[in-house]
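*Asks:* Attaching a single structure in structure tokens format; questions to follow.
Please treat every number below as a calculation from the coordinates, not as lab data. Everything numeric here is computed off the predicted structure, so don't read it as measured data. Glycine gets a Cβ as well: all are built from the backbone with ideal geometry, and neighbour counts include every protein chain shown.
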Amino acid sequence: MKIAAQLYNCRDYTKTPADIEATLRRVKAIGFDTIQISGFGPCDPDLLAGWIRETGLEVCLTHTPWQRLADPAELKKVIAEHRKMNCPVIGLGARPGDVFPNSPEGWTRFIRKANEITGQIKGEGLDFSYHNHDFEFEKWNGVTAIDRLIEECPGMLFTLDVFWVQAGGGNPLKYIKKLEGRIRIIHFKDYRIVNRNRQFAEIGRGVLDWDEIIPLCESTGIYCAAIEQDSDWLIDPFESLAMSREFLVSSPHAWAS
């Protein structure tokens, strides 16, 4: 697998084009060759693609706003932007709860629209990937929303987030196995308990069993592990990325350059 920086970590440093360029150069200097784009402010697509080429970064995935995916004209622009960046996967960070309520009927409507978007994206030679949180593990009539997504959206990939699987009461190892062949990018973040409250943590600073997770990711053919920490930083977000990366590269596992 490759190791990527999920730049949602650095969203406070990607609000302007100048900030975005500086952040790309900074994560490259830390040692990352691969990134996921998420949480960026407005930026000209040609400028962004130029900086990506200049720095030699690979964009493995994005998180794209739902409003752009659901609008056919905007979706065409999104596809063109991904081609400029040589990014093969268009991602969605979460089901938009303001459009589709967290209910059986809401999920049915979301699944119908997600399949439509998946078909349009795949028809253009790219892939569409859904990122989970904990709410997909709510169960109705004995079935969780995430299992409905897996069953009813056969063409859709998943950006499985191991923290949120754990937070939802699921087993990350079970879902890595269950989604074999459908995860291109996996989100790595650790899970810690502080004063009986759950928190995000740098990889290796929490309770997740990386000696089981990493080999299973390798054996199921996952292309890239993207380091992400939504919040709860005790240090600078860039230092946090570097700390998690150092844990991974120091582990007894082979990582692609």
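*Asks:* Which of the residues that make up the range 137-146 are touching an Asp or Glu at 6+ places or on another chain (Cβ under 9 Å) and charged (D, E, K, R)?
*Replies:* The answer is LYS139, and nothing else.
*Asks:* In addition: Being over 20 Å from ARG184 (Cα atoms) and surrounded by fewer than 18 Cβ atoms within 10 Å (Cβ to Cβ) is the filter; apply it to the range 1-12 and report the residue that is farthest from the chain's Cα centre (by Cα).
*Replies:* Looking at residues that are over 20 Å from ARG184 (Cα atoms) and surrounded by fewer than 18 Cβ atoms within 10 Å (Cβ to Cβ), I get ASP12.
*Asks:* Which of the residues that make up the range 13-58 are of a type in the set (Val, Ile, Thr) and either within 21 Å of ARG184 (Cβ to Cβ) or in contact with a helix residue (DSSP H, G or I) (Cβ under 8 Å, 6 or more places away or on another chain) (or both)?
*Replies:* Within the range 13-58, THR14, ILE20, THR23, VAL27, ILE30, THR34, ILE35, ILE37, ILE52, THR55 qualify.
*Asks:* Which of the helices (runs of 4 or more DSSP H) found entirely inside the range 161-239 contain at least 2 residues meeting this: under 19 Å from GLN6 (Cβ atoms) and in contact with a strand residue (DSSP E or B) (Cβ under 6 Å, 6 or more places away or on another chain)?
*Replies:* 162-167
*Asks:* Further question: Give the residue that is surrounded by the most Cβ atoms within 10 Å (Cβ to Cβ), with candidates limited to residues of the range 135-160 that are over 20 Å from the mean Cα position of the chain (by Cα) and assigned to a strand (DSSP E or B).
*Replies:* THR144
*Asks:* Let me ask you something else. Among the numbered conditions (1) under 23 Å from HIS133 (Cα atoms); (2) surrounded by fewer than 12 Cβ atoms within 10 Å (Cβ to Cβ); (3) not hydroxyl-bearing (Ser, Thr, Tyr), tell me where ILE227 comes up short.
*Replies:* The number of the failed condition is (2).
*Asks:* Within the range 22-48, how many residues are in a helix (DSSP H, G or I) and buried (at least 19 other Cβ atoms within 10 Å of the Cβ)?
*Replies:* Summing the residues that are in a helix (DSSP H, G or I) and buried (at least 19 other Cβ atoms within 10 Å of the Cβ) in the range 22-48 gives 4.
*Asks:* Go through (1) surrounded by 18 or more Cβ atoms within 10 Å (Cβ to Cβ); (2) of a type in the set (Asp, Glu); (3) in contact (Cβ under 8 Å) with a residue 60 or more places away in the chain one by one and return the number of the condition ASP190 breaks.
*Replies:* (3)
*Asks:* In the range 201-244, what residues are in contact (Cβ under 8 Å) with a residue 60 or more places away in the chain and either under 16 Å from the mean Cα position of the chain (by Cα) or at positive phi (or both)?
*Replies:* Passing the criteria: CYS217, ILE222, TYR223, CYS224, ALA225, ALA226, ILE227, GLU228, GLN229, ASP230, LEU241.
*Asks:* Among the numbered criteria (1) within 19 Å of THR64 (Cα to Cα); (2) out of contact with any helix residue (DSSP H, G or I) (no Cβ under 7 Å at 6 or more places or on another chain); (3) touching a residue at least 12 places away in the same chain (Cβ under 8 Å); (4) surrounded by fewer than 16 Cβ atoms within 10 Å (Cβ to Cβ), which one does GLU180 miss?
*Replies:* (1)
*Asks:* Taking THR64, is it of a type in the set (Ser, Thr, Tyr), within 21 Å of ILE35 (Cβ to Cβ) and not in a strand (DSSP E or B)?
*Replies:* Here the answer is yes, as THR64 does meet what is asked.
*Asks:* May I ask you to list the residues in the range 7-21 that are polar (S, T, N, Q) and in a helix (DSSP H, G or I)?
*Replies:* Within the range 7-21, just ASN9 meets the criteria.
*Asks:* Residues ALA94, ALA4: which one is assigned to a loop (DSSP other than H, G, I, E, B), small (Gly, Ala, Ser) and touching a residue at least 12 places away in the same chain (Cβ under 8 Å)?
*Replies:* ALA94
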